[in-house]
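Asks: Got a structure for you, written out below as structure tokens; questions coming shortly.
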Amino acid sequence: MISLGDFKSESALLVMFICNHCPFVKHVRGELAKFGRDYQSKGAAIVAISSNDVTNYPDDSPPR
């Protein structure tokens with residue numbers, strides 16, 4: 001578990017709601033990873049939250 005307080009030393013925080021099986025997310029995942037690498041060194045934190053039901057979408061479970 002993480003909380004907003006975990007990022008108090010960061011200059012910015014990007015929170016994204018995504019899921020592993022989404023065609024759009026699959027399309028942009030390489031660019032999202034590049035964005036993360038580029039901005040982490042500048043003090044930005046990035047969090048991706050999968051809000052899907054893992055019973056109905058097992059590919060979106062934390063181990064995956």
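The values are calculated or read from the model by the stated rules, or taken from the named source; none is laboratory data. These numbers come from a predicted model, not from an experiment. Note that each Cβ is placed from the backbone with ideal geometry, even for glycine, and that neighbours are counted across all protein chains shown. For the accessible areas, the whole protein counts, side chains as well, though only heavy atoms, and no ligand, DNA or RNA atoms are used. Shrake-Rupley method; radii C 1.70, N 1.55, O 1.52, S 1.80 Å.
Asks: For the subset of segment 33-64 comprising residues that are assigned to a helix (DSSP H, G or I) and farther than 18 Å from Phe7 by Cβ, which member is least open to solvent (accessible area, probe 1.4 Å)?
Replies: Looking at the filtered set, the residue picked out is Asp60.
Asks: Test Val15 against the criterion of being of a type in the set (Val, Ile, Thr) and either modelled with pLDDT under 90 or surrounded by 12 or more Cβ atoms within 10 Å (Cβ to Cβ) (or both), and give yes or no.
Replies: For Val15, the condition - of a type in the set (Val, Ile, Thr) and either modelled with pLDDT under 90 or surrounded by 12 or more Cβ atoms within 10 Å (Cβ to Cβ) (or both) - is not met.
Asks: Restricting attention to segment 6-20, report how many residues are touching a helix residue (DSSP H, G or I) at 6+ places or on another chain (Cβ under 9 Å) and either in a strand (DSSP E or B) or touching a residue at least 60 places away in the same chain (Cβ under 8 Å) (or both).
Replies: Adding up the residues that qualify gives 4.
Asks: From (1) under 13 Å from the mean Cα position of the chain (by Cα); (2) modelled with pLDDT of 90 or more, pick out the condition that doesn't hold for Ser3.
Replies: Among (1) under 13 Å from the mean Cα position of the chain (by Cα); (2) modelled with pLDDT of 90 or more, the lone unmet condition for Ser3 is (1).
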